[in-house]
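For reference, the structure discussed in these notes is given below.
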Amino acid sequence: MSTGFFDGIDRVRYEGPDSDSPLAYRHYDPDEIVMGKRMEDHLRFAVAWWHSFAWEGGDPFGGPTFERPWHPQDDMGRARMKADVAFEMFEILGQPFYCWHDVDLRPEQGNFADNLSTLEEITDYLGEKMQGTGTRLLWGTANMFSHRRWMSGAATNPDPDVFAFAAATVKGCMDATHKLGGQNYVLWGGREGYETLLNTDMGAEMDHMGRFLSMVVEYKHKIGFDGTILVEPKPQEPSKHQYDFDVATCIGFLRKYGLEGEVKLNIEQGHAILAGHSFEHELALAAAEGMLGSIDMNRNDYQSGWDTDQFPNNVPEVALAYYHVLKAGGFTTGGTNFDAKLRRQSLDAEDLIAAHVGAMDVCARGLKAAAAMLEDGGLEAALAERYAGWQRPEAQAMLDSDLAAIQARVLDEGINPAPRSGRQERLENYVNRFV
Ligand code: XUL
Ligand code: CO
């Protein structure tokens, strides 16, 4: 029986670029073949339970604005209603995946045993709904940053009892993710960082976090979870400084604890900008290390400098992101999660649908532009030409030689390099032909 929340809203269909319907896909056609693969299988869209259903519309200056029928989220009856509404939205959108934190699904119980049993209860309920609809779980994760017990961190907490509570919580969330056939398990270090060095032993905290992540990997193998473990970089918010600052920091961290072959990265557009990078920088760096796992495709407001988690709406930016995803071979277990929320004035059920439809269309346009650039090969050819000198045998031999031998060769051959244009504007103009 329908909850009635989306009454009057039909399943969203692909109608093509000329459609004037307010709720139609103009560019996202799941069955369209792009570079030999269905668009749905390239993009692997996921809806985020926390922003779409759990967030009540509050901000630092004011309380909830949404007043959904399942608010306040303080009992299991309303948790089930929230799940019913979520799966009704999945039917309308037709996106293949969703993602959750434990606390999005059911109310925090205040003690571990009840947290675990209610998580098992609600994820059994989700399992039944998934069987009926075919919607799959892209990833599960534990919220270890909202409740006051986590205020000084989870795995990095100075109190070992909090470390224990965190380990118990992650085990429960991994079990639930595995039970639901989740394709990845994510760890975003919400309060794994510090507020002041005056009370922080950074070395000990990072060692605890490294050991914690190793335990996650060990447990994944123990239960035969064949999904990917993903870490999500973010420089700050809520901690003043977070240990998973950006992709480069995470790569160093994973290598230090011997986890580089086991853990990949979930890279979020907004977090990349907060770290002072572009999204494509973060993606390309992770790809170069073989650590590109999945993406959170939500942007921030460029004026406010906050993590505003808005739906994507900039095709050129999204195109460059998918260019690097496609160049790296595309997603395997990963996908495109909308870790994005409505603006707090967007009260209507229709706003929730419109936000996702628009975002999926922007991503579809970006993907198609990226594929067209790759198929045309202009950027690849320019790159090959720029680095062509390294194909010469003497250039390759130099990498196995030493400074003295190289100096002798420079003197002998009178090497005196002539600078060549980097042709940036020409390449930017090239990209603009496709977006
Ligand atoms: C916070 C954030 C999280 C993670 C999952 O900025 O991005 O929602 O994606 O914990
Ligand atoms: Co995120």
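Once the Cα-Cα distance is subtracted from the 0.36 nm per residue extended length, the M76 to Q345 segment shows a gain of 94.1 nm. Applying 0.36 nm per residue to the separation of A288 and D301 and subtracting their alpha-carbon distance, the gain on full extension is 1.8 nm. The residue among T141, V85, V263 whose Cα reaches farthest toward the positive pole of the charge dipole of the range 33-376, with charges on the beta-carbon of Lys, Arg, Asp and Glu, is V263. Can you tell me the FRET efficiency between L411 and L379 if r is taken as the Cβ-Cβ distance and R0 is 45 Å, rounded to the nearest 0.05? With R0 = 45 Å, the Cβ-Cβ based efficiency is 0.75. Counting only Cβ charges, +1 for Lys and Arg and -1 for Asp and Glu, the dipole size of the chain around its Cα centre is about 480 debye.
Shape summary: the range 33-376 maps onto an equivalent ellipsoid whose semi-axes, from the alpha-carbon gyration tensor, are 27, 25, 20 Å in decreasing order. Relative to the longest principal Cα axis of the chain, at what angle does helix 403-413 sit, 0 to 90 degrees, rounded to 10? That helix lies at roughly 50 degrees to the long axis. Placing +1 on the Cβ of every Lys and Arg and -1 on the Cβ of every Asp and Glu, with nothing else charged, gives the range 16-88 a dipole about its Cα centre of roughly 220 debye. With 22 Å as the limit on Cα-Cα distance, the pairs of K82/K222; K220/K327; K264/K327; K222/K264; K171/K264 that go past it are K82/K222; K220/K327. What is the angle, in °, between the Cα long axis of helix 160-179 and the longest principal axis of the Cα atoms in the chain? Nearest 10 is fine, range 0 to 90. Here the helix axis deviates by roughly 90 degrees. If the segment from D161 to Q396 were pulled out straight at 0.36 nm per residue, it would be longer than the present Cα-Cα gap by 79.1 nm.
Along the charge dipole of the range 388-432, Cβ charges K/R +1 and D/E -1, which of P417, M398, N432 sits furthest on the positive end? Farthest towards the positive end: N432.
Amide H contacts of G189 (H built 1.01 Å from N, in plane; Pro and chain starts excluded): E232 sit under 5 Å, all sequence-distant by 5 or more or on other chains. Estimated from helices alone, the mean residue ellipticity of the chain at 222 nm is -14500 deg cm²/dmol (sum of -39500 (n - 2.57) over DSSP H runs with n ≥ 4, per residue). For the range 190-329, a simple Cβ point-charge model (Lys and Arg +1, Asp and Glu -1, everything else neutral) yields a dipole of about 300 debye relative to the Cα centre.
Here's the picture: charge each Lys and Arg Cβ at +1 and each Asp and Glu Cβ at -1 in the range 33-376, and of T336, F61, F212 the one pushed furthest to the positive end of that dipole is T336. Across the chain, the relative contact order, built from alpha-carbon pairs under 8 Å that are at least six residues apart, equals 15 percent.
No value in this document is a laboratory result; all are computed from the given coordinates. Model, not experiment: these values are computed from the prediction. Cβ: placed from backbone, ideal geometry, glycine included. Neighbour counts: every protein chain shown.
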